[in-house]
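Student: Following this message is one structure expressed as structure tokens.
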Amino acid sequence: MKDARELLSSGTGPKAMSFDGSTGGPSTQEILAALAFVQHGLGRELLEALWWPESGARRREQLRQEVIALVAPEFTRQMHALADARTSFGIAKASIGWGGGQTTDMQRRELRRTEQALDDARAAAWPNNTMEQLGVLASAVIAEMAGCCDCSGCEGKRVVQDPAVAGAVNCPRCGGSGYEPFSGRKRGTSIGADCSAYSRFWRPVYEWMLANFRQAESRAAVEFNKALSKAA
């Protein structure tokens, strides 16, 4: 069966392709009808943006809203976690020698614990201007998805055989994504940053978005496949 993504791409053009590669397969109307059965959301918007660019160009606003709906809650959660950690550290610091009293071992342990928790929250938090840069980040991630190819290490299978464990493990080259990874330099250039800045500040949010975008698009493609199979 021809991949439904390719059918969406070719079927909305001048001529539809059949599942077996011959002409006269699902019509444009059948393909679009199957697409209507794909649940609305980020995956559906990415499916169109990647495989039906003409429609994706008309649905930029819907895609923007879905990206914000995905990223904003996680960014807010991180900011709240950072604020909570900062408050806890401030309380622990203020408790040291409160009212002229002696500093206890318990207070010292609490200060060290909250300081470490604050350091961890800072390390995990995305850059403060993540939301301002969201359009640039989303465009770069979508461009990578559109331009990627199968991983040369696993040939897109996501796993490789490891004699040490007598079984399959996630491909170390692509991390189990099945796609050839872009370099940090290339990703940095795509968002207007050098390789160092990308690695230090932007890599976590970029990779988080890429993983979630791929998962959403993959789920939508599965739904589209099922609907198109029924139509056929």
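The values are calculated or read from the model by the stated rules, or taken from the named source; none is laboratory data. Predicted, not measured: the structure shown is a model, and the values here were computed from it. Ideal geometry is used to build each Cβ from the backbone, glycine not excepted, and the neighbour counts take in all protein chains shown.
Student: For segment 1-37, give me each residue that is of a type in the set (A, V, I, L, M), at pLDDT 75 or above and either surrounded by fewer than 21 Cβ atoms within 10 Å (Cβ to Cβ) or in the same structural domain as Ser139 (by TED's automatic domain parsing) (or both).
Tutor: Listed by number, the residues that qualify are Leu32, Ala33, Ala36.
Student: Among the residues of segment 38-73, what is the count of those that are surrounded by fewer than 14 Cβ atoms within 10 Å (Cβ to Cβ) and in contact (Cβ under 8 Å) with a residue 12 or more places away in the chain?
Tutor: Qualifying residue count for the region: 4.
Student: Residues being without any contact (Cβ under 8 Å) to a residue 40 or more places away in the chain, surrounded by 14 or more Cβ atoms within 10 Å (Cβ to Cβ) and small (Gly, Ala, Ser): count how many of those fall in segment 181-210.
Tutor: Selection size over segment 181-210: 5.
Student: Quick one: in segment 54-69, of everything that is closer than 15 Å to Leu32 by Cβ and not polar (S, T, N, Q), which residue is modelled with the lowest pLDDT?
Tutor: Gly56
Student: Another one. Thr76 passes all but one of (1) within 30 Å of Ser9 (Cα to Cα); (2) of a type outside the set (Lys, Arg); (3) surrounded by fewer than 12 Cβ atoms within 10 Å (Cβ to Cβ); (4) modelled with pLDDT of 95 or more; which number fails?
Tutor: All conditions are met except number (1).
Student: Return the pairs, sorted by first residue and then second, in which the second residue is basic (Lys, Arg) and assigned to a helix (DSSP H, G or I), the first residue lies in segment 109-125 and is more than 11 Å from Lys93 (Cα to Cα) and in contact (Cβ under 8 Å) with a residue 40 or more places away in the chain, the beta carbons are less than 9 Å apart, and the residues are 6+ apart or on different chains.
Tutor: That search, which allows pairs on different chains as well, returns Ala121/Arg86; Arg122/Arg86.
Student: Hey, can you tell me all the residues within segment 102-122 that are among the hydrophobic types (A, V, I, L, M, F, W, C) and either at pLDDT below 95 or more than 17 Å from Arg200 (Cα to Cα) (or both)?
Tutor: Met106, Leu111, Ala117, Leu118
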